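Reviewing the structure listed below.
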Amino acid sequence: MQWRNELRVEYEYQDLVSTEGGLFGKNIKIPGVRRADFSFMYRGRFDPVYEVRDKYDDMYSHRIKQFKSFTFPENGFREMNLDVDFGDVMGHRLSMKLGKQQIVWGESDLFRSIDIANPLRLDQNQAVGEAFEDFRSPIWAVKFLYDIGNVGTLLSNVGLEFFYTPRWRSLVQHLVLEGGWGGLRYDDPNYIGDVEDYFDSPTSPGTLTTKGVPWGPYHDYARSRHPWSVFRVGRNLANMAPDSGCNADVPCTDDAAGRNTNFLYRIGGGRHTHHIRGTKWANSMVGVRMMGKAFDNFDFTLNYMYKRVDPYAVFDLPSFFGVDHDDGLGTVDQYGRRLGSFSNTLLGSPGGFFAHDPSNPNNMLNFRRALDRCFEENRASFFSGVDMLGYSQDGNPDNDRAATACFEVAHSYPWTNVFGFTVTYNDFDYTGAVFRLEQSWSTNEGRNWGGSNYGGRSQAHFDAKLQHAREVYLARLDDNPEYAAAVDTYAAENGVDRHGAVFGAPGVDPLITGPHSDGEGHPCAPGVNVCPGKKINGARIKQGSSVWRSMIGFDLIQSIQSFPGMAWTRGLPGGIGDQATFYTFQALTTYQNDNRPSGVNAFTNAPRDRHHRFNQLYTFGLSGFYFRGKLEPLFAVAYSVNSKHPLILAQSYWHDFLIRNLDIFAGTVMYMGGRNDTDGTGLHLWADRDLFWIRLQYYLL
Amino acid sequence: MTKHNRKQRSGLRGLVAGLAVVAGLVWLTSPAHATIRVGDSEIQVVYEMQHAFQFDGSPGDNF
């Protein structure tokens with residue numbers, strides 16, 4: 001439930017500089033500037049529901065700073081722009097818009113294909129229901145438009161547009177993700193884990209468990225969620241980021257005993273994490289497009305953008321699993337998959353591996369050290385005999401869990417080139433419809449490669465990256481002449497090369513001289529020469545895919561009564577039958593060129609298999625103005641093919657309701673899919689939550 | 001609870017301060033031959049209140 005109060009002030013100062021009077025009409029001429037306007041829009045939002053409803057008090061402890069951003073999600077200048085007309089520059093008109101703005105490219109509705117410059121306020125809305133101009137988050141940017149006009153006899157209205165921003169922001173800048181970040185105890189920067197929070201489990205004696213996880217992943221899915229949360233970490237593998245790993249020999253279902261290792265994702269705040277902050281080169285985004293009109297009724301644009309893509313998570317599995325021991329690559333099973341086993345890096349580091357043992361006098365001290373490693377250092381650690389998510393504290397022994405893996409999670413925002421074009425065709429002569437086409441090709445969007453337990457190309461990629469790390473290590477061998485000499489002697493004695501001497505070869509143990517470090521300041525475990533650090537491990541599982549997005553659609557304006565058999569609607573009140581009604585249809589296709597299966601499908605927009613690389617969504621809507629323009633309804637349906645997910649949207653404005661300055665706006669969105677069907681549209685993320693809203697909008701001035 | 005209330009007040013202060021800045025900007029530019037015509041398109045102030053209910057199947061079962 002949400003109770004959002006919003007105050008909006010829109011202000012425009014026209015003719016800040018004008019041709020007649022100069023700056024402020026005072027005859028102060030600014031060279032090169034013909035005309036300038038200034039405008040801003042302030043928007044403040046206040047949602048007292050978080051103050052008045054006890055449920056949220058329980059869910060979000062007050063020391064968490066995000067709580068405030070739920071109550072006051074916005075308070076500031078949403079848009080602020082200086083529009084400058086430079087007049088004729090080299091024969092054509094040049095204008096500029098500088099400020100916090102929305103850059104709206106493309107012809108599609110509800111589809112992030114070319115309309116990708118601005119992020120969306122995902123923490124203020126579900127997928128549909130709000131106008132996109134209110135949904136987008138403006139960003140600071142400068143945009144130039146060079147109006148060329150006619151080119152030859154075929155092209156008219158030709159223009160070139162260019163924009164640059166050093167403040168790119170990701171789509172998920174405001175994402176409510178329970179169990180990830182956004183108001184949970186583990187996201188509290190002050191929380192470092194208290195030994196006192198843990199007690200012996202009543203149903204699994206010998207296991208430490210806890211009560212204090214406010215988002216309760218073991219609770220009913222719906223009951224523990226923030227109104228606008230996109231998804232959460234929980235026990236249902238299908239529509240949540242999994243909070244546990246499956247044991248190979250038990251069923252991988254919700255409450256199967258033996259599915260016993262909790263996953264805890266450490267998504268830290270601050271630098272080097274998912275937060276994108278500041279004005280800098282690394283946050284650059286640049287775009288250029290050419291638009292024009294051809295053959296009188298084809299409008300086209302050619303678009304190009306160079307930007308970072310929205311983040312995907314990198315789960316640092318290699319920091320856990322044993323790929324840096326034995327022959328260096330670990331054991332392969334009969335299917336060619338790398339078997340998971342704990343890496344020496346984890347086992348050998350202080351706090352990396354904690355096994356609960358009450359008989360050990362240092363037990364709690366070791367526990368403290370491991371908690372610090374997980375919560376303070378954000379590094380991989382494993383807790384045997386500790387259930388950090390509290391599954392073992394209730395009376396149900398079937399859902400008990402006996403271990404917790406604390407994962408390092410990083411996010412990656414690779415650069416991508418987005419090439420696109422749009423065409424609209426006004427078919428005046430035959431159908432009266434406007435046909436729309438939009439195509440885009442994004443060259444590199446982030447995906448995970450499975451680090452272990454995958455065979456084939458994933459494994460080959462993974463091994464190649466490890467091989468690279470070793471070559472770097474060998475190339476640096478001569479930096480330490482003493483060690484290099486020892487390696488050479490050992491190699492000669494055993495008849496192997498340096499690689500064999502350092503990493504081992506059939507029948508030859510690696511020559512261990514230590515201690516070594518991972519190159520990022522952390523020592524390797526005893527007996528390990530190479531332990532790749534976070535960066536190299538990250539590179540080992542990162543991979544990109546190019547993505548093609550396509551929209552084909554049409555718009556038609558016609559009265560309902562003009563369709564065959566609909567003449568009877570003429571008698572309907574308010575002109576519903578004979579006023580113009582607007583129909584719009586879209587076929588939206590996304591194709592993932594090179595995707596890998598991954599345990600984080602729900603998050604990375606990744607289809608599960610090759611068959612699901614194609615993702616199709618169809619939308620159809622109709623809207624109009626009836627009752628002398630007072631009633632403005634919109635009905636829409638959408639269908640996502642892969643997840644078999646229908647969606648129904650019904651909303652209506654009633655302008656000047658009762659009094660002149662009051663609009664009433666109400667609507668509902670029904671997400672009618674099965675909640676277990678994941679696909680790239682993301683609709684499944686809302687499959688368990690339909691929406692109804694009613695809004696009163698009063699124009700004060 | 002005390003801490004909780006303090007946070008709420010500081011948020012409200014922020015809102016009031018934001019509005020004061022807006023009012024200041026509007027006022028500062030007005031004598032400089034600005035064309036703020038109340039009731040015209042140059043300035044518009046809108047207040048909205050929205051109640052949104054998310055529910056699972058039945059509207060009575062809202063979150």
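Derivation of every value follows stated rules applied to the coordinates shown; laboratory data play no part. It should be emphasised that the depicted structure is a prediction, and the values quoted were computed from it without experimental measurement. Cβ atoms come from the backbone with ideal geometry, glycine included; neighbour counts cover every protein chain shown.
Annotations for the structure displayed:
- Computed from phi, the 3J(HN,Hα) profile of the range A:290-307 under the Karplus parametrisation 6.51, -1.76, 1.60 (θ = phi - 60°) reads 10, 10, x, 10, 10, 6, 6, 10, 9, 9, 9, 9, 10, 10, 9, 9, 10, 7 Hz, with x in place of Gly and Pro.
- For the range A:136-153, 3J(HN,Hα) computed residue by residue from phi via the Karplus equation (6.51, -1.76, 1.60; θ = phi - 60°) reads 5, 9, x, 10, 6, 7, 10, 10, 10, 10, 10, 8, 8, x, 7, 10, x, 9 Hz, glycine and proline entered as x.
- Label sites at residue B:12 and residue A:489, each approximated as a point 7 angstrom past Cα along Cα to Cβ, lie 7.9 nm apart.
- Exposure proxy ranking, count of Cβ atoms within 10 Å, fewest first, for A:74, A:632: A:632, A:74
- 12 Å beta-carbon shell around residue A:477, net charge (K/R +1, D/E -1): -3
- Near residue A:167, the amide H atoms lying under 5 Å from its own belong to A:285; only residues 5 or more places off or on other chains count, and H is placed 1.01 Å from N.
- Per-residue Cβ neighbour rank within 10 angstrom, fewest leading, A:489, A:681: A:489, A:681
- The range A:472-482 - phi-based ³J(HN,Hα) in whole Hz, Karplus 6.51/-1.76/1.60, Gly and Pro as x: 4, 5, 5, 5, 8, 4, 6, 5, 10, x, 5
- Long pairs among A:97/A:630; A:143/A:293; A:293/A:630, criterion Cα-Cα beyond 32 Å: A:97/A:630; A:293/A:630
- Once backbone amide H atoms are built at 1.01 Å from N, residue A:137 has A:120, A:121 as its partners under 5 Å, excluding neighbours fewer than 5 places away on the same chain.
- Residue exposure sequence - A:92, A:516 - by fewest surrounding Cβ within 10 Å: A:92, A:516
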